[in-house]
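Undergrad: Take a look at this one; I'll ask things after.
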Amino acid sequence: MRTGIDEARDPKYAHIERERRWLVDPAIRPDLSALPYVLIEDRYIANTRMRLRRMTASASGEQALKLTKKYECSDPLARPIVTTYLTQDEYALLETLPAAVLIKRRYEVMDQGITFGLDQFLGALAPLELAEIEWSDDAGLTALPSPSWAVRDISDDPRYQGGAISHSGIPKD
């Protein structure tokens, strides 16, 4: 039993994910048609902060199956996160839990010499597109320029987090 530790602030086994996100203008971003992508199927498990994820590479068909928990925190740019990789049987079991689903394609897109992840949402969340980047330290993360095709930085807007948009849809600005 752990004592004297705030699980929300200092969860055991978690690492800090440092990430920024931007709303993308599809009309001015680079053409994606010739780029490989990863198809991401996220299941935000009801009444939890857990996400079940299947990632399928478009070029090879290779899959990765993961279960992730992102913890609440005061800094939206640096969030404690725990992830474990799953077997197909483990994934199949967890997939039976009630969940809100979102599907997107993730591309790697260069801008200003930096590689950003660009998520193109499918289904009910189309035509939403978001860019993101992870960085190893706070100073480097905050110093990064916005992609030239970004509308605005949404890193601190919880309405654009995956769990929120899977339940509430595209935010009305």
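Residues checked against (1) closer than 25 Å to D31 by Cα; (2) in contact with a Gly (Cβ under 8 Å, 6 or more places away or on another chain); (3) hydrophobic (A, V, I, L, M, F, W, C):
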position: A126; (1), (2), (3): yes, no, yes
position: L130; (1), (2), (3): yes, no, yes
position: I133; (1), (2), (3): yes, yes, yes
position: L144; (1), (2), (3): yes, no, yes
position: D156; (1), (2), (3): no, no, no
position: R159; (1), (2), (3): no, no, no
position: D173; (1), (2), (3): no, no, no
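Undergrad: Here is a further query. Looking at region 101-147 only, could you name the residues that are hydroxyl-bearing (S, T, Y) and free of Cβ contacts under 8 Å to residues at least 24 places away in the same chain? Give the derivation first.
TA: Of all residues in region 101-147, those hydroxyl-bearing (S, T, Y) come to 107, 115, 136, 142, 146.
T115, the sole residue that qualifies.
Undergrad: Answer with yes or no whether I133 is among the β-branched types (V, I, T), within 27 Å of L35 (Cβ to Cβ) and touching a Phe, Trp or Tyr at 6+ places or on another chain (Cβ under 7 Å).
TA: Working: among the β-branched types (V, I, T): yes; within 27 Å of L35 (Cβ to Cβ): yes; touching a Phe, Trp or Tyr at 6+ places or on another chain (Cβ under 7 Å): yes.
Answer is yes for this residue.
Residues are listed down the side, and each one gets a yes or a no for (1) β-branched (V, I, T); (2) closer than 23 Å to E17 by Cα:
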residue: T68; (1), (2): yes, yes
residue: L77; (1), (2): no, yes
residue: V82; (1), (2): yes, yes
residue: Y85; (1), (2): no, yes
residue: L93; (1), (2): no, no
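Undergrad: Something else: I'd like to know if region 164-173 contains one or more residues that are in contact (Cβ under 8 Å) with a residue 60 or more places away in the chain, of a type outside the set (S, T, Y) and touching a Lys or Arg at 6+ places or on another chain (Cβ under 7 Å). Reasoning before the result, please.
TA: Filtering region 164-173 down to residues in contact (Cβ under 8 Å) with a residue 60 or more places away in the chain leaves 165-167.
Of the ones still in play, those that are also of a type outside the set (S, T, Y) are 165, 167.
Narrowing the set further to residues that are touching a Lys or Arg at 6+ places or on another chain (Cβ under 7 Å) leaves none.
Taking every residue of region 164-173 in turn, none turns out to be in contact (Cβ under 8 Å) with a residue 60 or more places away in the chain, of a type outside the set (S, T, Y) and touching a Lys or Arg at 6+ places or on another chain (Cβ under 7 Å).
Undergrad: Criterion first (closer than 15 Å to L77 by Cα and surrounded by 16 or more Cβ atoms within 10 Å (Cβ to Cβ)) does L118 satisfy it?
TA: Numbers: closer than 15 Å to L77 by Cα: no; surrounded by 16 or more Cβ atoms within 10 Å (Cβ to Cβ): yes.
Answer is no for this residue.
Undergrad: Being surrounded by fewer than 13 Cβ atoms within 10 Å (Cβ to Cβ) and either touching a Phe, Trp or Tyr at 6+ places or on another chain (Cβ under 8 Å) or aliphatic (A, V, I, L, M) (or both): is that true of A46 here? Can you show your working first?
TA: Values: surrounded by fewer than 13 Cβ atoms within 10 Å (Cβ to Cβ): yes; either touching a Phe, Trp or Tyr at 6+ places or on another chain (Cβ under 8 Å) or aliphatic (A, V, I, L, M) (or both): yes.
It is true that A46 is surrounded by fewer than 13 Cβ atoms within 10 Å (Cβ to Cβ) and either touching a Phe, Trp or Tyr at 6+ places or on another chain (Cβ under 8 Å) or aliphatic (A, V, I, L, M) (or both).
Undergrad: Within region 157-173, how many residues are closer than 18 Å to E41 by Cβ and loosely packed, with under 15 Cβ neighbours inside 10 Å? Step through it out loud before you land on a result.
TA: Of the residues in region 157-173, the ones closer than 18 Å to E41 by Cβ are 161-167, 169.
Keeping just the survivors that are loosely packed, with under 15 Cβ neighbours inside 10 Å gives 167, 169.
The number of residues fulfilling the criteria is 2.
Any read-out appearing in this document is the output of simple, stated calculations on the displayed coordinates, not a laboratory observation. Worth saying up front: this structure is predicted, and the values here are computed from it rather than measured. Counting neighbours? That spans all protein chains shown, and the Cβs are built from the backbone with ideal geometry, glycine included.
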